[in-house]
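Only the coordinates and a few stated rules stand behind these numbers; no lab work does. This structure is a prediction, so every number in the text was calculated from the model and none was measured. Methodologically, a virtual Cβ is constructed for each residue, glycine included, from the backbone with ideal geometry; neighbour enumeration extends over all protein chains shown.
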């Protein structure tokens, strides 16, 4: 198990892969369990970032993120049938190691398949990770999508 | 096929209104080239030289503030060989220059220079070769409208007093600021977006979380004439934040989902203000360009609420926004079922109710939209 004293790039990668696997398996409760109570989850486009706009695509605190997962699991018609997902994470780099907290950058490709259609989203993760009782967890995930125009009109899954 | 104006009645719409490339081609000429079109908001163009590029109907345009501060809407096409003269989405420029042979144009569209003009043995008349400018550009409450028709009635008259009153209420001060922009496409007809905006029957069914709260009920669907319409209601949609719900329940504001015919939707629920421009790409493909607006006087807390509420509810990853897109595509796919006996869709809900007693779930505003569509398509 990773410890604050001796976290390795491999520990971080294993954590990110595990988080991706839980989303792809549809285990959103399992994924949410990796997120701390102060979790913020934001998705922005490159344009939103360039122009420093306040409004992004997703701007969730922990309660809103829990609400988003309820929408995915119970409310959204757009998730009936559910989107099949594959998250591929590369370019993992620890930007800052503050002992009990890390800033980690990575690149992500999300393949989203539903109703005979396949969408591919490319983006960058900027993650804030923290050790809680010796285990890595998210305190913040910011996703910047490499697009200004959502060709598929909507995002109804965890990017 | 019937004459175009026979494709809708006061209570029905024929499916071909959404599926026919012929109807779409006629709309581009008879609606998009004739009436007033939403082109943007002045807050997007703060200073001389500020511009954005977009499509009005199928026409590529530059919306620009010229040196004297006036607003121009110019066709984005060089008068020499037709290429775009501006390939940026938005920004600030002193002039526009074609990449092909470097002809350059001023912010007002005037042709400034022809490279190596001496090569034209018969000299060209620069005065006749400016970028083509839409003959009518007017604003109301900072909202920019343009028309290809020099004879279009004045904008104030086109909007009419009822629609203007709603715009006056939403934009009561002029310190409006752009705080976000989301652009997304859907595989469906362009009219699906505006008609859905003023359909008060769907929220508690399509947006199941709204149905669960049971709070979307007290209000009216109003025909504002000239094709414009609004859903106006007092109580708030339930926000994920209990604190916001309490704040909204006590402020007594009116929420609105409004359409200005043909291509503007304005949604103002709780604290967020979303001004959406409809861009038709084909009979079955549409782009939405959605501006999030706030006011420069916003406190940081209010600005934050505007941002989070919009993203959570109306944006393309929002509770309502995502399912609206799901519906547009499910409708367009369903319209393919077009046997003679089932060709007609129904918009009669609430028809016959006395004016002033309209229910929020009546299709009053949708009928008004198609009445104007029918008038222009004659």
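Classified by the C-alpha gyration tensor, region B:314-378 has an oblate form. Its axis ratio a/c, with a ≥ b ≥ c, is 1.5 or above, and a/b does not exceed b/c.
If R0 is 30 Å, the Cβ-Cβ spacing of residue B:67 and residue B:28 corresponds to a FRET efficiency of close to 0.40. Across chain A, counting alpha-carbon atoms alone, Rg and Dmax equal 15.4, 48 Å. Quick one: check the C-alpha center-to-center distance for region A:76-93 versus region B:2-80, whole angstrom. Centre-to-centre (Cα) distance: 36 Å. Based on C-alpha pairs under 8 angstrom that are at least 6 apart in sequence, region A:33-159 has a relative contact order of 29 percent. Sorting B:144, B:342 by the number of Cβ atoms found within 10 Å of their own Cβ, with the fewest placed first, yields B:342, B:144. Between residue B:297 and residue A:33, the simple label model (points 7 Å from Cα in the Cβ direction) yields a spacing of 5.1 nm.
Only beta bridges with both residues in chain A are counted; by DSSP, about 85 percent of them are antiparallel. For the protein assembly as shown, a/c is not less than 1.5, where a ≥ b ≥ c are the root eigenvalues of the C-alpha gyration tensor, and a/b does not top b/c. That puts it in the oblate class. If r is the Cβ-Cβ distance from residue B:205 to residue B:117 and R0 is 56 Å, what FRET efficiency results, to the nearest 0.05? Here the calculated transfer efficiency is 0.30.
Centre-to-centre, using Cα atoms only, region B:95-149 and region B:323-340 are separated by 41 Å. Across region A:1-96, the mean sequence separation of Cα contacts (distance under 8 Å, 6 or more residues apart), normalised by length, yields a relative contact order of 31 percent. When the alpha carbon gyration tensor of region B:161-377 is reduced to an equivalent ellipsoid, its three semi-axes come out at 27, 19, 18 angstrom, largest first.
In Å, the Kirkwood hydrodynamic radius of chain B over pairs of distinct alpha carbons?
Kirkwood hydrodynamic radius for chain B: 21.9 Å.
In terms of its C-alpha gyration tensor, region A:89-159 has a prolate overall shape, because the principal axis ratio a/c (a ≥ b ≥ c, square roots of the eigenvalues) is not below 1.5 and a/b outweighs b/c.
When A:61, B:346, B:324 are ordered from fewest to most other Cβ atoms inside 10 Å of their Cβ, what list results?
B:346, A:61, B:324
With a simple spin-label model that places each label point 7 Å from the Cα along the Cα-to-Cβ direction, the separation between residue B:164 and residue A:52 comes to 3.8 nm.
Counting only helical runs of four or more DSSP H residues, what would the 222 nm mean residue ellipticity of chain B come to if each run contributes -39,500 (n - 2.57) and the total is spread over all its residues? Spell out each step's value before the answer.
On the way: 10 runs with 96 residues, N = 378.
Here the helix-only value at 222 nm equals -7500 deg cm²/dmol.
With both labels modelled 7 Å from their Cα along Cα-to-Cβ, the residue B:156 to residue B:339 distance reads 5.5 nm. Legend: Rg and Dmax of region B:37-140, from Cα coordinates, 13.7, 47 Å. Using the Cα coordinates of region B:79-188, the gyration tensor eigenvalues translate into equivalent-ellipsoid semi-axes of 36, 19, 14 Å, sorted from longest to shortest. Ordering B:186, A:17, B:24 from the fewest to the most neighbouring beta carbons within 10 Å gives A:17, B:24, B:186.
Length gain on complete extension for the stretch residue B:139 to residue B:125, per 0.36 nm per residue less the alpha carbon to alpha carbon distance?
Here the segment from residue B:139 to residue B:125 would lengthen by 1.8 nm.
The convex hull of the Cα atoms of region B:30-96, projected and averaged over all directions, covers 4.9 nm². Contact order for chain B, expressed relative to its length and based on alpha carbon pairs under 8 Å spaced 6+ residues apart, stands at 21 percent.
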